[in-house]
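First comes the structure, then the notes that go with it.
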Amino acid sequence: LPCPPYDNPVFWDQLYKDMSYDQVNEWGGVDLSSSSSSGGLLQFRYQKVPILSVNEDDDGSENKDDGKIISTTTFADWMDITQLDTPEEAIQLYQQQREQNEHQSDNNHSDNNNNEAILILGCGNSKLGEQLLINSFIGPILQLDISSKVIQLMTQRYHKYLSSDDSVVKRMEFMVDDASTGLTSLEPESVGGGVIDKGLVDVLHCSAGPISSKDDHDDDDHHHDDDMIQRIMNSVHNVLQPSRPFIFFSRSEPQWMLRRVFGHDGYDDYLISGCVNGSSGSRRRSKKLWKDVEVVKLVDYDLFLYKLVKAEKEDYTDQEDDDEEEMGTKNSVIERKSYLKRLKGGSKKSKR
């Protein structure tokens, strides 16, 4: 079936054309509010979803019991960000952080971007950004969408947070930008809280259809939607500060979704080493991109929640000796093929 042109701003502008600024659409019913039908995400129940690791037994028995245990956590703990008791306390701490950053900038300190900014990709007309402020997260809340029309509507709705009045502490910002083309509205490593995506990656994943084999992927120079998802991953990685999380929601299981977001090589790297690597340069310098990956199933929603944590800045490895590099590469390829062969021998789940 034909798929809507999700990467075309005109498509989204037409979609929002006849909507009013007070209309709300929450993808997947995901909401922070405890008054929502599923109880909200301020405190939520979850079950761990096992991701096979080369260190596990072949039968995966180490993870079987984990998937049955229902645990509870808070959105603040999951994101590793601060939630205070009142919005007033959050505003006060935000002002302190901002003044400290300005002072360090005036004194030419390099570390002058201490913040708990939260970036919402493809914000649409969701109320998530406002809910974060109401529930005393520090912010600022940066809301971004490819549609200039919906950003116009959201600016109308939240004018009280955007006022130029000196009595208003501006902790919300809207941007028209395309996450697949670099997030040029933001400086590199400027987001110190985390990045949230409620449905963008999932929509692109589902619209892309079956995942191609590694050989087909190479021959076709990537499917368009695969390419777009991986460009979004690169954009998010670029604006996040080290050790900060990117979380997204999906209806798809990790054996399919992670292969889509990391690409074939990145996913294979994760299965073997527990981290996702990238490479650049003629000397094949490798960089660890994501150091932690966690997937849980939300008990009160028919959804999976993914968390990827950006690696530390110093997680680079230079291989000076060409002979050692070549030998290490060959050993890595042999290890990968051997492990993937064992994986393929296991039971297969339905693809989504």
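The values are calculated or read from the model by the stated rules, or taken from the named source; none is laboratory data. Remember, predicted model here, so these are calculated numbers, not experimental data. Note: ideal-geometry Cβ built from the backbone for every residue, glycine included; neighbour counts use all protein chains shown. We work out accessible area using only protein heavy atoms, side chains counted, and drop any ligands, DNA or RNA first. Shrake-Rupley method; radii C 1.70, N 1.55, O 1.52, S 1.80 Å.
Close Cβ contacts (under 6 Å, 6 or more residues apart or on different chains) running from residues in region 171-200 that are over 21 Å from K307 (Cβ atoms) to residues that are among the acidic types (D, E) and surrounded by fewer than 23 Cβ atoms within 10 Å (Cβ to Cβ) comprise S185/D177.
Kindly indicate whether any position in region 158-171 is in a helix (DSSP H, G or I), more than 16 Å from the chain's Cα centre (by Cα) and of a type in the set (A, V, I, L, M, F, W, C). Reasoning before the result, please.
Step one: list which residues in region 158-171 are in a helix (DSSP H, G or I), which gives 159-162.
Those still in the list that are more than 16 Å from the chain's Cα centre (by Cα) too: 159-162.
Restricting the remaining residues to those that are of a type in the set (A, V, I, L, M, F, W, C) gives 162.
Looking through region 158-171, at least one residue is in a helix (DSSP H, G or I), more than 16 Å from the chain's Cα centre (by Cα) and of a type in the set (A, V, I, L, M, F, W, C).
Residues are listed down the side, and each one gets a yes or a no for (1) aromatic (F, W, Y); (2) crowded, with 16+ Cβ neighbours inside 10 Å; (3) under 19 Å from L240 (Cβ atoms):
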site: S163; (1), (2), (3): no, no, no
site: D166; (1), (2), (3): no, no, no
site: E173; (1), (2), (3): no, yes, yes
site: D177; (1), (2), (3): no, yes, yes
site: S180; (1), (2), (3): no, yes, yes
site: G193; (1), (2), (3): no, yes, yes
site: I196; (1), (2), (3): no, yes, yes
site: G199; (1), (2), (3): no, yes, no
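Go over the candidates S250, S243 one by one and state the one that is small (G, A, S), in contact with a helix residue (DSSP H, G or I) (Cβ under 8 Å, 6 or more places away or on another chain) and open to solvent by less than 40 Å² (accessible area, probe 1.4 Å).
S250
Just so you know, in region 67-77 the residues that are open to solvent by less than 80 Å² (accessible area, probe 1.4 Å) and in a helix (DSSP H, G or I) include one that is farthest from L298 (Cα to Cα), and it is A76.
Condition check for Q152 on (1) polar (S, T, N, Q); (2) part of a loop (DSSP other than H, G, I, E, B); (3) over 20 Å from R244 (Cα atoms): one failure, at (2).
Each residue in region 260-274 was checked for being open to solvent by less than 20 Å² (accessible area, probe 1.4 Å) and at pLDDT below 80, and 1 of them qualify.
S38 falls short on exactly one of the conditions (1) small (G, A, S); (2) in a loop (DSSP other than H, G, I, E, B); (3) modelled with pLDDT under 90; (4) more than 21 Å from L133 (Cα to Cα), and that condition is (4).
Does K287 meet the test of being open to solvent by 50 Å² or more (accessible area, probe 1.4 Å), within 30 Å of T82 (Cβ to Cβ) and either under 14 Å from the mean Cα position of the chain (by Cα) or modelled with pLDDT under 75 (or both)? Don't jump to the end; show me each part of the working.
On the way: open to solvent by 50 Å² or more (accessible area, probe 1.4 Å): yes; within 30 Å of T82 (Cβ to Cβ): yes; either under 14 Å from the mean Cα position of the chain (by Cα) or modelled with pLDDT under 75 (or both): yes.
Answer is yes for this residue.
Residues of region 78-108 that are on the phi < 0 side of the Ramachandran plot, polar (S, T, N, Q), assigned to a loop (DSSP other than H, G, I, E, B) and over 25 Å from the mean Cα position of the chain (by Cα): T86, N107.
Residue-wise test of (1) at pLDDT 80 or above; (2) under 22 Å from G129 (Cα atoms); (3) assigned to a helix (DSSP H, G or I); (4) open to solvent by 60 Å² or more (accessible area, probe 1.4 Å).
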| position | (1), (2), (3), (4) |
| --- | --- |
| P4 | no, no, no, no |
| L52 | no, no, no, yes |
| D57 | no, no, no, yes |
| N63 | no, no, yes, no |
